[in-house]
Amino acid sequence: MDLHRFRPRLLDSLRGYDTRRFLVDLGAGLTVGVVALPLAMAFAIASGVKPEQGIVTAIVAGFLISALGGSSVQIGGPAGAFIVIVYGIVERYGLANLLIATMLAGVLLFAMGLFKLGALVRYVPVSIVIGFTNGIAVLIALSQVKDFFGLVTPKLPGDFFALLGVLASHADTVNPAALALALASLAIVVLWPKSYAMPTGPIGALRHLHRWSAHVPGTVIALVATTLAVTLLGLQVETIGSRFGGIPQGLPPLALPEFSWTTVKLLLIPTLTIAILGAIESLLCARVADNMTELPRHDPNQELMAQGVANFVAPFLGGIPATGTIARTVTNVRSGATTPVAGIVHALALLVIVLVAAPLALNVPLAALAGILTFVAWNMGEWREFGRLKHFNPPYRVILLGTFFLTVVFDLTVAVEVGLVLACAFFIYRMSTQFKVHAVPHDSLPPGVHVFELFGSLFFGAVGQVEDLPAQLPEGTRAVVLEMHRMVLLDTSGLDALRQLHRTLARQETALVLANVNEQPLSLIRRSGFEGEVGAENIVPTVAAAFADEPAEAAVAPAAP
């Protein structure tokens, strides 16, 4: 098998690279680095791990994904889509096993890219993607209720109904100060001006200030403002310092998680979940970036290989699963990035922030991060799709809603598995209904000859119509002609149905003729030996050619039993 060549997009992007492009990428990378800092901490905390693990993931995985990836502008790091998955794995298997599962998923992702399986991710139906994305968004928002309201609860369970029960039973422990900070953080992020929405024409001083402020991310403003409020007003709320003891000033030392093959067997499902979700998220993100720029389209296989390397290496430093991130990638594109250098700068900027400003995170209130994540969850969901369901057919609705509810109530793995099974079942049903067998009158043919036109794909889901054909034949039938120029596909089950039809007709002393057979069905008929069974003379280019040398009243020789 031809393997994919490992060639990062960075190598091609550096051809003709100059100072002007570097300055543009530098500005974009610094902007994304500032945006990524609060998100990395928030995603880590929501996932049930320490905030520094999110930052380490953004630095290490972000650097490797940009340096080795197949996209010019994609930014990698911890993602909101992984929050529910990581939280469930940590709760069920422990942190050490999460790191092992992430490394194994990295190996699997690299293998997917190496064997050119990047295109297969595109075969996941959009209804499943929307369903689990909206489901994850609901779970992220629900997981932030505790910190958003400042509730005093035991460790939150991963089960949906148990989580609702814990939150409801501790609803009387609301902290007004935490709620005020969360609402303030959410309001700032929502209302803060966005750089990509700024006017481009001549503006006055006030508008100029408005435009300038828009280049500072709202998440950073929310984080700084709420941290100052906690510090200056002495608000009694939970902070990064009170829960985690702060953030270390630097990267942690390399460490190999305890590894055993017994553990690997237990981690099969978590590993597959991380790998599949990471592949889907990263390639969807890369496609979004492609549609926003005129840069060369991403290489999906190279992107998967880079994701694999990043997820294998990051756990050595305590990192959690990483993938392409839409919010940071969009920020990168809108900041003018043109090459993976911007992503590398983003990772280095985060590293400098950790080395210099880590002690300042002590008073960051968790309520503020909950407000930011609530906004992320809202933006993550494609809520309009629920309103548009009435315009789609029942199978689409069942798959989308089924995937959504299964993601919320059970978990993503179950949701995707059931969604794919439903999608396949509905597809098979629809394809089977598209296959038709029509009787076609031919006055110029000899008596006792009946022509049937096959339309569509004769596969395992549609063989019933061929099997029922003998019962439709009138007495005195001497030959059955199957006109197959509109039959585009034949599988082995369909071939077996033709064999059974031929045997049944032979017992009735009726010939079977195949006319105008397309390339794929004809190839299978010949390779399987069915051509010899039916007789090469009974496979003809046209219906008329089968009886061109016989008078209309001539008898048709039956096929040999």
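The values are calculated or read from the model by the stated rules, or taken from the named source; none is laboratory data. All of these numbers come straight from a predicted model, not from anything done at the bench. Using ideal geometry, Cβ is built from the backbone for each residue, glycine included, and neighbour counts are taken over all protein chains shown. Keep in mind that these areas ignore ligands, DNA and RNA; they rest on the heavy atoms of the full protein, side chains included. Shrake-Rupley method; radii C 1.70, N 1.55, O 1.52, S 1.80 Å.
How many nm is it between the label spots at Asn518 and Leu3, if each spot is 7 Å from the Cα in line with the beta carbon?
Each label point is offset 7 Å from its Cα along the Cβ direction, giving 3.7 nm.
Antiparallel as a % of all DSSP beta bridges within the chain, to the nearest 5?
Approximately 35 percent, going by the DSSP bridge assignments.
Dipole size in debye (nearest 20) for region 414-483 around its Cα centre, Lys and Arg Cβ +1, Asp and Glu Cβ -1?
Once rounded to the nearest 20, the dipole reads 120 debye.
Say a paramagnetic label sat at a point 7 Å from the Cα of Phe405, along Cα to Cβ; which residues of region 411-444 have their backbone N under 12 Å from it?
Hits in region 411-444 for Phe405 at 12 Å: none.
Would you please state which residues of region 408-427 a label at Gln434 would reach in this model, taking the label point 7 Å out along Cα→Cβ and a backbone N cut-off of under 11 Å?
Under cut-off, by backbone N: 427.
Once the Cβ-Cβ distance between Ala536 and Phe455 is put in as r, and R0 is 25 Å, what FRET efficiency do you end up with, to the nearest 0.05?
0.50
Read phi for every residue in region 307-314 and hand back ³J(HN,Hα) as whole Hz from Karplus 6.51 cos²θ - 1.76 cosθ + 1.60, θ = phi - 60°, with x for Gly and Pro.
4, x, 4, 4, 6, 7, 7, 3
Provide, for q = 0.13, 0.23 Å⁻¹, the log10 of I(q)/I(0) from a solvent-free Debye sum over equal Cα point scatterers in region 26-102.
Taking Cα atoms of region 26-102 as identical point scatterers yields -0.40, -1.05.
Under a 5 Å amide H to amide H cut-off, with H placed in plane at 1.01 Å, what residues pair with Thr323 once short-range neighbours are removed?
Result for Thr323 returns Gly77, Ala79.
Suppose every Lys and Arg Cβ carries +1 and every Asp and Glu Cβ carries -1, with no other charges. What dipole size does the chain come out with about its Cα centre, to the nearest 20 debye?
The calculation lands at about 2080 debye.
Give, in nm to one decimal, the length gained when the segment between Glu417 and Leu355 is fully stretched (0.36 nm per residue of separation minus the Cα-Cα distance).
18.0 nm is the gain from fully extending Glu417 to Leu355.
Quick query: amide H of Leu151 versus all other amide H atoms, modeled in the peptide plane; which residues come in under 5 Å with a sequence gap of 5 or more or a different chain?
Sorted by chain and number, the residues that satisfy this are Asn175.
Can you tell me, using C-alpha contacts under 8 Å and at least 6 residues apart, the relative contact order of region 233-357 as a whole percent?
Dividing the mean separation by the residue count of region 233-357 yields 34 percent.
Can you send over the carbon and sulfur percentage of the accessible area for region 74-180, probe radius 1.4 Å, protein chains only?
72
For region 1-59, evaluate the Debye formula with one uniform point scatterer on each Cα (no solvent term) and list log10 I(q)/I(0) at q = 0.22 Å⁻¹, rounded to two decimals.
Debye curve over Cα of region 1-59, log10 I(q)/I(0) at q = 0.22 Å⁻¹: -0.84.
Ignoring ligands, DNA and RNA, how do Tyr87, Tyr429 rank by accessible area with a 1.4 Å probe, largest first?
Tyr429, Tyr87
Just from the alpha-carbon atoms, what are the Rg and Dmax of the chain in angstroms?
Spelled out, the Cα radius of gyration and Dmax of the chain are 30.9, 106 Å.
So what is the relative contact order for the chain, in percent, with contacts set as C-alpha pairs under 8 Å and at least six apart?
Contact order relative to length: 23 percent.
Give me the orientation-averaged projected area of the Cα convex hull of region 358-501, in nm², one decimal.
Mean shadow area of the hull around the Cα atoms is 15.3 nm².
Where a ≥ b ≥ c are the square roots of the eigenvalues of the C-alpha gyration tensor, would you call region 221-320 rounded, which needs a/c under 1.5, or, failing that, prolate if a/b is larger than b/c, or oblate?
Note, shape of region 221-320 comes out oblate.
Within the chain, count lysine pairs with alpha carbon atoms under 27 angstrom apart where the residues are 8 or more positions apart or belong to different chains.
5
Starting from the 7 Å offset along Cα-to-Cβ, what nm value, one decimal, do you get for the label separation of Gln508 and Leu183?
Here the modelled spin labels are 7.9 nm apart.
Between Val216 and Arg243, what length comes free when the chain is fully extended (0.36 nm per residue of separation minus the Cα-Cα distance, one decimal in nm)?
Between Val216 and Arg243, full extension yields 6.9 nm more.
May I have the convex hull volume per residue, in Å³, for the Cα set of region 442-507?
Cα convex hull per residue, to the nearest whole number: 80 Å³.
Relative contact order (percent) for region 50-129, with alpha-carbon contacts under 8 angstrom and 6 or more residues of separation?
16
Which order do the peptides 375-385, 50-60, 162-172, 5-15 come out in when sorted by mean C-beta neighbours inside 10 angstrom, highest first?
50-60, 375-385, 5-15, 162-172
Could you pull out which residues in region 115-129 have an amide N less than 15 Å from a spot 7 Å beyond the Cα of Arg388, following the Cα-Cβ vector?
126-129
Got a sec to turn the phi values of region 471-481 into Karplus ³J(HN,Hα) couplings, 6.51 cos²θ - 1.76 cosθ + 1.60 with θ = phi - 60°, whole Hz, x for Gly and Pro?
Values per residue, Gly and Pro as x: 5, 8, 7, x, 5, x, 5, 9, 8, 10, 10 Hz.
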